[in-house]
Amino acid sequence: MRLETHSRALGHIPTPPEMVAFMTRLAAPPPNTPCRVLEPACADARFLQAFQQAYGAQHRLVGVELNPDALSPLSVYGEGGKVGEFILADFLLWDTPERFDIILGNPPYGIIGDASHYPIHLLQARKAEYKQRTTTWKGKYNLYGAFIEKAVRLLKPNGKLVFIVPTTWLILDDFSRLRQFLAERGRVEVFYVGRVFPKVNVSAVVLRFTQGECGLALYDLSDGKWQQVSAGLRLCPSVEKPAYRGELIRFETAEWLAFERSGAPLGKLFHIHFAARSTEFRNSGLVRATPQAGDVPVLTGRNLAAGRIDYANCYSGWWMRREDGVKLRRFYGEPHLVVGHTKGARLVCAVDWRCYPWREEYHLIPRVGVQVDWGALERYLNGERVQAYLQALYRDFTQHLTKTMLKRVPVANPHAALP
Ligand SMILES: C[S@@+](CC[C@H](N)C(=O)[O-])C[C@H]1O[C@@H](n2cnc3c(N)ncnc32)[C@H](O)[C@@H]1O
């Protein structure tokens, strides 16, 4: 396998030098104290080199890397001589009695799975062992979550971790254990920097975690603001919580929290389901590529617009009898609200009065006793205030609207009422 392919399959995304410099400033050691410093998944050890340049040669530097091809001779010998000790090992399976004052770097990102769907397929054989060793592992866990946990476990009592990672852990349910794990052990500072990796579609934050302290601070350093942060500058957080218990990390303001409390959460009023999966349709024996008399198209996201459903065009490539929809999901048989699994934090919905089968999207069914004014609900959810609320709190933290976001959207009377 070519090195380039190999390193992509191990989640290699090099960190831009300006970002390395910014994070190295966030990882400043206490004055006149030699520290043990670790860079996990170090590749060319750019963080260790920057650390040595910024803070001198009195620190013990250690790099761990799995891919021998990624470790360059430069990483062993920097401009000022030998930079540190390099260990060829799988960081997640690496056993060491040593604990560190400072851990910094850029761990690999990606969900481990087969090559057809997931980029991190080289590590598939180790997945079971990772899972067993990682208490925060949940759902389709991302490798970077496991790296955060392992790094925290290697910190000294007042040690500091500085990692650049994707934004998804701030709000996705798969990371609820990780957020709680961090909240129980130290102070969580999150510097939102947005898209900083050239040509890579990842929105990022820098996490600074300090073992043994407490609370949460969220800083907005998007649009390149992080490049203007100089050493010693005191930053003003957008969100500050003296006590943090692992809840979602969002750009909350008094105004938007008041809006959120102004109605009942959508998730309390409705059951939120996802459509039947492609494989279920395929295996059902109910769909065909050429329509027979009376068939309807199986609908997808392309059939959905704000307040409107296109019942005519078949984008899924499948046709079936409308009455057979209930064999896949009972809720296809009753009029209900369809909400798009849209790109970004944007809500697009329409009521499906004709009860067609859907291959995608969220489907909202009122809980027992909930009275719904469908037209009003549809207009409200597609309206500007809801879009502004979603944008303000969640920015581009995930690629799509998530169930977690949807569940919290407030709905006040007369759109729907609790029993
Ligand atoms: C996102 S890159 C970061 C490289 C470098 N630290 C930087 O910031 O430019 C991640 C690195 O993690 C390495 N890697 C992937 N899985 C690993 C593992 N389980 N243990 C150690 N290194 C790993 C990859 O080979 C790759 O070099």
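The values are calculated or read from the model by the stated rules, or taken from the named source; none is laboratory data. No experiment lies behind these values; they were computed from the predicted model shown. When we count neighbours, we look across all protein chains shown, and the Cβ atoms used for this are built from the backbone with ideal geometry, even at glycine.
Quick notes on this one:
- Sole exception among (1) modelled with pLDDT of 95 or more; (2) within 9 Å of the ligand (Cβ to nearest atom); (3) among the β-branched types (Val, Ile, Thr); (4) out of contact with any Lys or Arg (no Cβ under 8 Å at 6 or more places or on another chain) for Ile13, by number: (1)
- Which listed residue is over 16 Å from Arg322 (Cα atoms) and assigned by TED's automatic domain parsing to the domain that holds Phe274, from Arg346, Arg359: Arg346
- Candidates Val338, Val326, Val348, filtered to the one that is among the β-branched types (Val, Ile, Thr) and over 26 Å from Arg282 (Cβ atoms): Val348
- Across segment 194-226, the qualifying residues are those that are in a loop (DSSP other than H, G, I, E, B) and among the hydroxyl-bearing types (Ser, Thr, Tyr), and the one among them that is nearest to Glu18 (Cα to Cα) is Ser222.
- When restricted to residues that are without any contact (Cβ under 8 Å) to a residue 60 or more places away in the chain and either in contact with a Gly (Cβ under 6 Å, 6 or more places away or on another chain) or not in a loop (DSSP other than H, G, I, E, B) (or both), segment 227-241 contains 4.
- Single unsatisfied condition, Asp324 versus (1) more than 30 Å from Thr168 (Cβ to Cβ); (2) charged (D, E, K, R); (3) crowded, with 20+ Cβ neighbours inside 10 Å: (3)
- Test: residue in segment 295-308 that is under 31 Å from the mean Cα position of the chain (by Cα), in a helix (DSSP H, G or I) and crowded, with 17+ Cβ neighbours inside 10 Å: yes
- When the residues of segment 126-137 are filtered to those that are away from the ligand (no atom under 12 Å from the Cβ) and outside any loop (DSSP other than H, G, I, E, B), the one that is modelled with the lowest pLDDT is Ala128.
- Residues in segment 41-50 that are near the ligand (Cβ under 8 Å from one of its atoms) and of a type in the set (A, V, I, L, M): Ala41, Ala43, Ala45.
- Selection status of Gln58, touching a residue at least 24 places away in the same chain (Cβ under 8 Å), more than 16 Å from the ligand (Cβ to nearest atom) and more than 13 Å from Phe100 (Cβ to Cβ): yes
- Residue match in segment 258-265 (condition: of a type in the set (Phe, Trp, Tyr), over 30 Å from Tyr192 (Cβ atoms) and buried (at least 18 other Cβ atoms within 10 Å of the Cβ)): no
- Residue that is more than 23 Å from Gln292 (Cα to Cα) and either in a helix (DSSP H, G or I) or free of Cβ contacts under 8 Å to residues at least 24 places away in the same chain (or both), where the choices are Leu393, Leu347, Leu337: Leu393
- Filtered by the rule that a residue be at pLDDT below 90 and within 11 Å of the ligand (Cβ to nearest atom), segment 61-108 gives Asn67, Pro68, Asp69, Ala70, Leu71, Ser72, Ser75.
- Boolean, Tyr192 is under 20 Å from Leu390 (Cα atoms), in contact with a Cys (Cβ under 9 Å, 6 or more places away or on another chain) and at pLDDT 95 or above: no
- Single unsatisfied condition, Val386 versus (1) part of a helix (DSSP H, G or I); (2) at pLDDT below 95: (2)
- When we screen Lys150, Lys156, Lys127, Lys140 for residues that are in contact with a Lys or Arg (Cβ under 7 Å, 6 or more places away or on another chain), assigned by TED's automatic domain parsing to the domain that holds Glu39, farther than 17 Å from Leu216 by Cβ and charged (D, E, K, R), the only hit is Lys156.
- Residue check, Leu286 surrounded by 14 or more Cβ atoms within 10 Å (Cβ to Cβ), assigned by TED's automatic domain parsing to the domain that holds Thr404 and out of contact with any Lys or Arg (no Cβ under 7 Å at 6 or more places or on another chain): no
- Some residue of segment 109-118 being modelled with pLDDT of 95 or more, crowded, with 20+ Cβ neighbours inside 10 Å and either away from the ligand (no atom under 15 Å from the Cβ) or under 27 Å from Gly212 (Cα atoms) (or both): no
- Tyr356 vs. criteria in a loop (DSSP other than H, G, I, E, B) and touching a residue at least 24 places away in the same chain (Cβ under 8 Å): yes
- Subset tally (residues that are modelled with pLDDT under 95 and within 13 Å of the ligand (Cβ to nearest atom)) for segment 17-40: 0
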